[in-house]
Amino acid sequence: MRRIKQFFSGIVLGTALLGASAGHAETLRVAADVGFAPFFMKQANGQIDGYGYDVISAVAKQAGYDGVQVIDTPFSSVFAGLFSKRFDVIAAPIAIAENRAEQILFTEPYIPTGLSMLVKSNTKADDLKDLSGKKIAVNSGSTSEMWVQEHMAEYKFEMQRFNKLSDAVQSMLIGRSYAVMSDTPAIRYIAQSQKNTKAVLHQNSGRNFAYSVRHEEPELRNRIERALECLKSTGKLQEIHEKWFGELTEEDKKIVNGVWPGYGAPGFKGYQDLAHDVVCN
């Protein structure tokens with residue numbers, strides 16, 4: 001683990017918010033699929049809450065921004081929105097993948113993921129073969145959509161696409177779909193909070209979530225990553241993780257507390273092998 005430098009209040013004042021000019025407020029504009037539990041959810045009072053919101057808010061604060069502006073964007077539109085500069089960072093959970101790294105610039109990972117199914121508690125789903133001929137609801141543009149597409153012939157799935165995970169879950173609850181497939185953290189959270197449902201058929205993808213920016217903005221990626229590394233090194237990221245998901249497994253800890261030596265996702269396009277200290281204010 002890298003050396004952590006602690007800068008207290010008097011020194012922080014002199015660092016001018018890690019790049020923000022004195023007196024000039026900066027808001028980090030981020031894209032998120034609001035309703036994708038437990039990452040970004042809208043409360044009854046209209047405020048946004050969730051694991052993803054807590055993490056990106058802490059990252060923005062550590063990076064010297066005065067706040068976060070969440071731009072609600074269907075997952076299927078986040079890449080187009082990033083390229084058209086509607087926002088600065090995709091904060092919606094995106095699994096690091098080689099084809100995506102060709103289009104966008106990833107930070108190092110902050111949470112592990114996989115794919116799981118959500119079904120009603122009385123539904124038989126002990127094996128993927130139990131879903132043969134059944135309708136599987138997915139979020140358009142997601143890893144789960146790609147997985148179902150790849151396995152449709154083998155298991156004879158039918159696929160239903162939705163712009164929001166909440167709509168996919170509702171489809172399953174009212175019987176239009178047999179199961180919902182999505183990222184394991186989201187499915188496990190929904191199964192805990194939604195009565196008469198269960199999480200089943202976990203597929204270990206070995207993938208992790210990361211933030212992403214445009215390829216031409218490595219300085220922004222590095223600024224976000226330095227803040228993320230500080231949250232890892234000080235235990236703040238683990239604290240947020242435990243608030244929403246409970247105790248970490250040993251596999252979780254490798255990502256939630258792990259700090260990589262350079263900038264970006266090691267082994268993927270855009271990674272910069274640049275040694276640097278973890279600096280925390």
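Before moving on, here are some points about what is shown:
- Within region 238-275, the residues that satisfy the criterion of being more than 20 Å from Pro93 (Cα to Cα) and in contact with a strand residue (DSSP E or B) (Cβ under 8 Å, 6 or more places away or on another chain) are Gly262, Gln272, Leu274.
- Counting the residues of region 128-152 that are of a type in the set (D, E, K, R), touching a residue at least 12 places away in the same chain (Cβ under 8 Å) and either within 30 Å of Gln238 (Cα to Cα) or out of contact with any Ser or Thr (no Cβ under 9 Å at 6 or more places or on another chain) (or both) gives 2.
- When Ser177, Ser132, Ser140 are screened for being of a type in the set (Ser, Thr, Tyr), touching a helix residue (DSSP H, G or I) at 6+ places or on another chain (Cβ under 6 Å), within 20 Å of Ser212 (Cβ to Cβ) and outside the structural domain of Val78 (by TED's automatic domain parsing), only Ser140 passes.
- Taking every residue in region 70-89 that is among the small types (Gly, Ala, Ser) and pairing it with any residue that is assigned to a helix (DSSP H, G or I) and surrounded by 15 or more Cβ atoms within 10 Å (Cβ to Cβ), at least 6 positions away or on another chain, the pairs with Cβ-Cβ distances below 9 Å are Ser76/Glu145.
- Selected residue [within 19 Å of Glu98 (Cα to Cα) and at pLDDT below 95] from Ser193, Ser205: Ser205
- Condition met for Ala191 (in contact (Cβ under 8 Å) with a residue 12 or more places away in the chain and among the small types (Gly, Ala, Ser)): yes
- Every residue from region 101-148 that is over 30 Å from Asn222 (Cβ atoms) and touching a Pro at 6+ places or on another chain (Cβ under 8 Å): Ser140
- Answer from Ser142, Ser132, Ser57, Ser121 - the residue that is out of contact with any strand residue (DSSP E or B) (no Cβ under 9 Å at 6 or more places or on another chain) and not aliphatic (A, V, I, L, M): Ser132
- Among the residues of region 1-50, those that are assigned to a loop (DSSP other than H, G, I, E, B), at pLDDT below 50 and farther than 17 Å from Val278 by Cα comprise Ala16, Ala20, Ser21, Ala22, Gly23, His24.
The values are calculated or read from the model by the stated rules, or taken from the named source; none is laboratory data. Predicted model, so just to flag it, every value in this text is computed and none were measured. Counting neighbours? That spans all protein chains shown, and the Cβs are built from the backbone with ideal geometry, glycine included.
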